[in-house]
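Asker: Shown below is the structure under consideration.
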Amino acid sequence: MRHISWSGKTFDLFNYLALTLLMLVTLYPFWYVLVSSLSDPLWVTAQRGLIWWPEGFHLEAYKSVFKNPVIKSGYVNTLVIVLAGTALNLVLTSLAAYALSRPNLMLKNAITFYIVFTMFFSGGLIPFYIVVSELGMIDSLWALIIPNAMSTFNFIIMRTSFQAIPVSMEESARLDGAHDWTILLRIVLPLSLPVVAVMILFYGVAHWNSWFSAAIFLRSRELYPLQLVLREILINNNTEQMMSGISANNRAMVGETIKYATIIVATGPILLLYPFLQRYFVKGVMIGAIKE
């Protein structure tokens, strides 16, 4: 059994305490929102301190949220954007990473530099808007998918991961008659599943949380993604559509719990997805970041 000195034990104890404190500070805001969304609106409005447990168990705020047709359409639009966008992201990132990870590709370094250059310099918001407008994607969900088809940062992670796969495996496959599509689909991607999981998480979370592009390019409210609906409710205090049947005297109090419930509805699904991909997270990022 390995002996740990007193200084090592003290250091470990300090780390555990610091990480526990950091975890509590990180989790409490979400816990506060969850408890407030389930509590009595009058009790929530009267609170002026920390809240640890719900007062009663009330689901009226969630019922009001799901009565809002904009919330329902926002969910559908967000799912379309996440699924279609993430699929396109994975296809393009995998193809680019595979091609630029091959040692015999002509102008590989020049093409890689051209892609990485976009991480540091861009044309700006106005040229970006003009390009999207000229492509006819204004007021369309394609404006939220096509312009964000590949992330340079994610491309670098995936390309570095592909470079870590031994060249001898590719050479053996080619001797057996395999072509690039076979090598990519049957050798490279199966060996890079942790990185693929990380890409799904990165791209999926980015699409789910995105609202700025929607605020710029979308005009029709029925096309709003969930995060833009959430922003409208929280910043513009637009909860009137969800309080039908509630007396005028109680609307201010109920409006607060509706805001909390909307936050939970908008963030809950992506938080539930994370535990299934978390085991790949550290491994995937480290594989894609160490060897260059």
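Rule-based calculations on the coordinates, nothing more; no lab input. Predicted model, so just to flag it, every value in this text is computed and none were measured. Here the Cβ is made from the backbone with ideal geometry for all residues, glycine too, and neighbour counts use every protein chain on show.
Asker: Among ALA18, ALA87, ALA143, which one moves the most in a GNM of the chain with springs linking Cα atoms closer than 10 Å?
Answerer: Judging by the Gaussian network model, the answer is ALA18.
Asker: Against the longest principal axis of the chain, how steep is helix 125-134, in degrees 0 to 90 to the nearest 10, with axes from Cα atoms?
Answerer: Taking Cα atoms only, the helix is inclined about 80 degrees.
Asker: Considering lysine pairs in segment 60-290 that are 8 or more places apart or on different chains, how many have Cα atoms under 29 Å apart?
Answerer: Lysine pairs meeting the criterion: 5.
Asker: Ok, one more. Are there any trypsin sites (Lys or Arg not before Pro) in segment 63-126 that are in a DSSP loop and have at most 16 other Cβ atoms within 10 Å? List them by number.
Answerer: Those that pass, being in a loop and sparsely packed, number zero.
Asker: Report, largest value first, the span of the C-alpha coordinates of segment 18-121 along each principal axis, in whole Å.
Answerer: The Cα atoms of segment 18-121 stretch 68, 43, 23 Å along their principal axes.
Asker: Over all distinct alpha-carbon pairs, what is the Kirkwood Rh of segment 50-196 in angstrom?
Answerer: 19.1 Å
Asker: Mind checking segment 101-131 for chymotrypsin sites (Phe, Trp or Tyr not before Pro) that DSSP puts in a loop (not H, G, I, E or B) and that have at most 16 other Cβ atoms within 10 Å?
Answerer: PHE121
Asker: Still on this structure, please answer the following. Using a Gaussian network for the chain with springs between C-alpha atoms less than 10 Å apart, which of these wobbles most: LEU13, LEU59, LEU135?
Answerer: Residue with maximal mean-square fluctuation among LEU13, LEU59, LEU135: LEU13.
Asker: Using alpha carbons only, how many degrees (0 to 90, rounded to 10) separate the axis of helix 6-38 from the longest principal axis of the chain?
Answerer: Roughly 50 degrees, rounded to the nearest 10.
Asker: With a 10 Å Cβ neighbour count serving as the proxy for reagent exposure, in which order, fewest first, do ILE264, ILE157 appear?
Answerer: ILE264, ILE157
Asker: Using the Karplus equation 6.51 cos²θ - 1.76 cosθ + 1.60 (θ = phi - 60°), what ³J(HN,Hα) coupling, rounded to whole Hz, does each residue of segment 183-193 give in order, writing x for Gly and Pro?
Answerer: Whole-Hz 3J(HN,Hα) from phi for segment 183-193: 4, 5, 7, 10, 10, 5, 5, x, 6, 10, 4.
Asker: Compute the acute angle (0 to 90°) between the alpha-carbon long axis of helix 108-120 and the principal axis of greatest extent of the alpha-carbon atoms of the chain; round to the nearest 10°.
Answerer: The answer is roughly 20 degrees.
Asker: When the helices in the chain are scored as -39500 (n - 2.57) per DSSP H run of 4 or longer and the sum is shared across all residues, what 222 nm value do you end up with, to the nearest 500 deg cm²/dmol?
Answerer: Roughly -22500 deg cm²/dmol at 222 nm, from the helical runs in the chain.
Asker: Which residue, chosen from ALA61, SER36, LEU185, occupies the Cα position most advanced towards the positive end of the dipole of the chain, where the dipole is computed from +1 (Lys, Arg) and -1 (Asp, Glu) charges on Cβ about the Cα centre?
Answerer: Farthest along the dipole direction, towards plus: LEU185.
Asker: Using only the Cα atoms, what convex hull volume per residue in Å³ does the chain have?
Answerer: So the per-residue hull volume is 214 Å³.
Asker: Let me ask something else. Among LEU273, LEU107, LEU193, which one moves the most in a GNM of the chain with springs linking Cα atoms closer than 10 Å?
Answerer: Among LEU273, LEU107, LEU193, the largest GNM mean-square fluctuation belongs to LEU107.
Asker: Using the count of nearby Cβ atoms within 10 Å as a rough guide to exposure, how do ARG159, ARG219 rank from fewest to most?
Answerer: Starting with the residue having the fewest Cβ neighbours, the order is ARG219, ARG159.
Asker: Could you pull out the chymotrypsin sites (Phe, Trp or Tyr not before Pro) across segment 15-54 that fall in loop regions by DSSP (anything but H, G, I, E, B) with no more than 16 other Cβ atoms inside 10 Å?
Answerer: TRP52
Asker: Just the number, please: Stokes-Einstein D of segment 138-225 in µm²/s, Kirkwood Rh from C-alpha pairs, 25 °C, 0.890 mPa s.
Answerer: Taking Rh from Cα pairs, D becomes 158 µm²/s.
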